[in-house]
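Here is the structure we will look at, set down as structure tokens.
The values are calculated or read from the model by the stated rules, or taken from the named source; none is laboratory data. Everything numeric here is computed off the predicted structure, so don't read it as measured data. No Cβ is skipped: glycine too gets one built from the backbone with ideal geometry, and neighbour counts run over all protein chains shown. These area figures cover heavy atoms from the full protein model, side chains too; ligands, DNA and RNA do not enter into them. Shrake-Rupley method; radii C 1.70, N 1.55, O 1.52, S 1.80 Å.
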Amino acid sequence: LHEIDAALQEKARWIVRKLQETTVRRSQQIERQIVWEQGAVFPFLGQTLCVQLAGVGGAARLGDAPLDAGPGAARPLHLPLPATASATQIRAAVRAWLLLQAQQTFTARLDHFAPLLQVRWKQLGLSNAATRWGSARSDGSIRLNWRLVHFELPVLDYVVAHELSHLRVMNHSPRFWDTVRSVVPDYVALRARLKDDSVPRW
């Protein structure tokens, strides 16, 4: 017991700091949770979108920001749902729209970077991994986390370039990072932004 007490005394500052960090992290996770209702806002490729329930029929569509709105104003995402739609229905509709946008955006960015890196990708899969943003296989299969659409395009581009670079170098050696740098010179700063706590949890 004496040794345990001595160890606790020695590590007291570290223990208190870790408890405080855990409390802050939990608070941030609660703040990131979106209440899925009319007017809910979330980030999308550097923009802020605002859920607008537009009634039944048609497809979800992105509207224009109001002309009198200042920089950073939310753009409406019109969902074909009635005003009585449940949070589950709204969340599912937004997720479906984001998945479609992810597929289209990722494909376009893969097509942009592949020739620059002199590689060919063959298949794109979307993932929902909790901690992994992407992966690549030597057969040209690329998997990207669909939640990347919550970041600005340069951050997404870093992940795309990272995975395509693995088609040339299947490790994280200096040669690999030189390959990434050849198309995304500021990759270090962009990689750090992947830890952004403002990205919503799903």
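Within the stretch 171-202, the set of residues being in contact with a Leu (Cβ under 8 Å, 6 or more places away or on another chain) and in a helix (DSSP H, G or I) comprises Thr179, Ser182, Val183. Residues of the stretch 172-202 that are under 19 Å from Leu49 (Cβ atoms) and of a type in the set (Gly, Ala, Ser): Ser198 alone.
Val169 meets all of the listed conditions (1) open to solvent by less than 20 Å² (accessible area, probe 1.4 Å); (2) among the β-branched types (Val, Ile, Thr); (3) closer than 22 Å to Thr48 by Cβ; (4) out of contact with any Asp or Glu (no Cβ under 7 Å at 6 or more places or on another chain) but one, namely (3). Here Ile30 clears all of (1) assigned to a loop (DSSP other than H, G, I, E, B); (2) under 22 Å from the mean Cα position of the chain (by Cα); (3) among the β-branched types (Val, Ile, Thr); (4) modelled with pLDDT under 85 except the condition numbered (1).
Condition check ((1) surrounded by fewer than 18 Cβ atoms within 10 Å (Cβ to Cβ); (2) touching a residue at least 60 places away in the same chain (Cβ under 8 Å); (3) not small (Gly, Ala, Ser)) across all residues:
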residue	(1), (2), (3)
Gln89	yes, no, yes
Ala96	yes, no, no
Thr105	no, yes, yes
Leu110	no, no, yes
Lys122	yes, no, yes
Ser127	yes, no, no
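Answer yes or no as to whether Pro82 is touching a strand residue (DSSP E or B) at 6+ places or on another chain (Cβ under 8 Å), loosely packed, with under 15 Cβ neighbours inside 10 Å and farther than 24 Å from Pro154 by Cβ. Yes; evaluated as a whole, the condition is true for this residue.
Criterion applied to Phe106, Phe42 was being aromatic (Phe, Trp, Tyr), modelled with pLDDT of 95 or more and within 30 Å of Ser141 (Cα to Cα), and the one residue passing it is Phe106. Within the stretch 193-202, does at least one residue satisfy the condition of being in contact with a Ser or Thr (Cβ under 9 Å, 6 or more places away or on another chain) and not hydroxyl-bearing (Ser, Thr, Tyr)? No, the stretch 193-202 contains no residue that is in contact with a Ser or Thr (Cβ under 9 Å, 6 or more places away or on another chain) and not hydroxyl-bearing (Ser, Thr, Tyr). For the stretch 160-170, check the following and say yes or no: at least one residue is outside any helix (DSSP H, G or I), free of Cβ contacts under 8 Å to residues at least 24 places away in the same chain and over 28 Å from Leu62 (Cβ atoms). Scanning the stretch 160-170 turns up at least one residue that is outside any helix (DSSP H, G or I), free of Cβ contacts under 8 Å to residues at least 24 places away in the same chain and over 28 Å from Leu62 (Cβ atoms).
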